[in-house]
Structures are given as C-alpha cells and as structure tokens.
C-alpha cells in the first residue's frame, strides 16, 4: 500500500547483513536513499528477489500520504551517509518525521562493547605483567 515503509534483508559484499528501507509510492514503485542518491526504483529492484516486510502496518491514510510527500520531496538529493543519512534514516523520517537508524545505533553499541572488552583485556595483561615484575 502506498506510504508503507518496506524493509528487506541485504548483505554487503555478500558478508555483512543489513536491512534496506524504502517508501512505497502510489504506483507501486519504491523511493529509497542509497549512495546513488534518493531515487525511485521498481519494487523488484528494491527487493532484489527477497521478501519485504512493512515496518508501519498500522499507519493511517494521512500518515501514509505524508510519508509519500516527504519521500518525493527529496528525490534527486545526493547526501547519503552511512552513519547519518542512510536508507533507514530516510525511510523513518518519511514515515515518522524522525530520522533514526537502529542499525547504526546497534553498530555503535557493538563497537563500544568490543573496545571495552579489548581495554579490559589490556588492563588485565598490564596488571599481570606488573605483578610478575615484583
């Protein structure tokens, strides 16, 4: 249905899984944000043969119409940023007015968990070396 925010699984270089987001337009095409810019693509090109799910199934007709209006207002824009203006930021902004990416938030959390674990391991090694030196 037009104004739906669709999500489809993808993989970067066939290795790193991520979710791709877009807004369905009244003619069945999709509006997406990608490194090529905000553009309209066919539904098959958007899904690449994978099943999509609708992220905003309970949206009202007015909210859906606003999502389409927002999406179309940015067609041609070329300000893609993986961390600050990716497909999820774009689709969420179209659907809700708030540009947020849960994937980016999860990646940042993972990075800090790994960094803290590495720092803890280095601290433990340093303490052990100091104890052996005594």
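The values are calculated or read from the model by the stated rules, or taken from the named source; none is laboratory data. Just so you know, these numbers come straight off a predicted model, no measurement behind them. All Cβ positions, glycine included, derive from the backbone under ideal geometry; neighbour counts span all protein chains shown.
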Within segment 108-126, does at least one residue satisfy the condition of being within 30 Å of residue 31 (Cα to Cα), in the same structural domain as residue 29 (by TED's automatic domain parsing), in a helix (DSSP H, G or I) and out of contact with any strand residue (DSSP E or B) (no Cβ under 8 Å at 6 or more places or on another chain)? no
Of those in segment 92-102 that are touching a helix residue (DSSP H, G or I) at 6+ places or on another chain (Cβ under 8 Å) and outside any loop (DSSP other than H, G, I, E, B), the residue surrounded by the most Cβ atoms within 10 Å (Cβ to Cβ) is 94
Note on residue 84: of the conditions (1) in contact (Cβ under 8 Å) with a residue 60 or more places away in the chain; (2) within 11 Å of the chain's Cα centre (by Cα), unmet is (1)
Looking at segment 1-85, what strands (runs of 3 or more DSSP E) fall wholly within it and have at least 1 residues that are surrounded by fewer than 11 Cβ atoms within 10 Å (Cβ to Cβ) and at pLDDT below 95? 5-12, 16-24
